[in-house]
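The values are calculated or read from the model by the stated rules, or taken from the named source; none is laboratory data. Note that this is a predicted model, so its numbers are computed, not measured. Because the Cβ atoms are built from the backbone with ideal geometry, glycine has one as well, and the counts that use them run over all protein chains shown. Areas reflect the complete protein model, heavy atoms only, side chains present, ligands, DNA and RNA absent. Shrake-Rupley method; radii C 1.70, N 1.55, O 1.52, S 1.80 Å.
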Amino acid sequence: MRKNGFTLIELLAVIVVLAVIALIAIPVVMDAISNAEKGAAERSAENYASAVERLIATERLDGNIIQDGTYEINSDGNLVINGVVKVIEMSGKKPNGGTITVSNGVIAKESTTTITVGNYDVTYNAEGKTVINEKETVVQTIGYDQSCKLISGKLYEVGSKYTCKFIGNNETEIELDFYFLEDDYEFGAVNLISADTFGADTMEFYEAYVYAGSDFAVEHGIIGSFSLPTYAQLYAVNKSETIPSWLYGNYWLASDGGVDVYSVFGDTIIVEAESAGVRVVYNLSLV
């Protein structure tokens, strides 16, 4: 008479069957999850584009015309227009990066518009239909110590955004955002300009960063050459009289006579008498 229970062969057979089912089911489940994530990213991008066009229309009614141009979506999902952060109200998950191109008062979807939602970049084809690409997870860095990480744009491309990390003697970690300003390959370096305009104690901040021997620089382990941007550097960005929106703002520029306060907007750089902020240029060694 047979005892109750399974034999070893029967147990192994069950395990093999379960393994086969898992091999078949897991890819199906993963594809379903991926498709769901892509669909959610597409809907969020569409909602965001609609919200931006509502903003453009509202601004027009208020007498504020949003000029044609390409504007950054910051990490909070809001749009940076001429240096001013415009809060975008929408339903669903907000983007965490990308750019919006405005042309003739509407979004030029088939142009350079890219809306990043989570791990997906949503772009548009020539017919205006969405194209969804999963972002590469490869971390791209520059600097001899790889201290600056690419967060948007392409490596070594003017206007690309980086986060640079500084670790001080007291192990305090500081991260600051920079834009790629120009290459200085002849001397084995590149120049980045700070994304933020630092106000209030502007001269103190400038001195702290420019003079590497300052207490502030020593405390935060800042290594490298820092300076103020120049009038020529800003105009050289696009090799034309047009200045991109990521350089807009009121801040000091170095000049032959020392330091002047400038208002940078559109295709104009105007000398201002009132105080402004500081945007430092970081000369980052590649070797």
Q: Could you check how much of the accessible area of the range 28-142 is carbon and sulfur, as a whole percent, using a 1.4 Å probe?
A: 48
Q.
Can you compute the modelled spin-label distance between Ser263 and Ile9, with each label point 7 Å from Cα toward Cβ, in nm?
A. 9.1
(Q) For the ranges 84-95, 155-166, what's the packing order if you count other beta-carbon atoms within 10 Å of each residue, average per peptide, and put the highest first? (A) 155-166, 84-95
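Lys and Arg at +1, Asp and Glu at -1: add these up for the other residues within a Cβ distance under 14 Å of Ala57 and post the number. Spell out each step's value before the answer.
Details: positive: Arg54, Arg60, Lys86; negative: Glu53, Glu59, Asp62, Glu89.
That sum, taken over residues with Cβ under 14 Å, equals -1.
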Q) Excluding ligands, DNA and RNA, what is the solvent-accessible area per residue of the range 54-115 at a probe of 1.4 Å, expressed in Å²? A) 53
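In what sequence, highest mean first, do 60-68, 118-126 appear when ranked by Cβ atoms within 10 angstrom?
On the way: 60-68: 10.6, 118-126: 16.8.
Put in order of decreasing packing, that is 118-126, 60-68.
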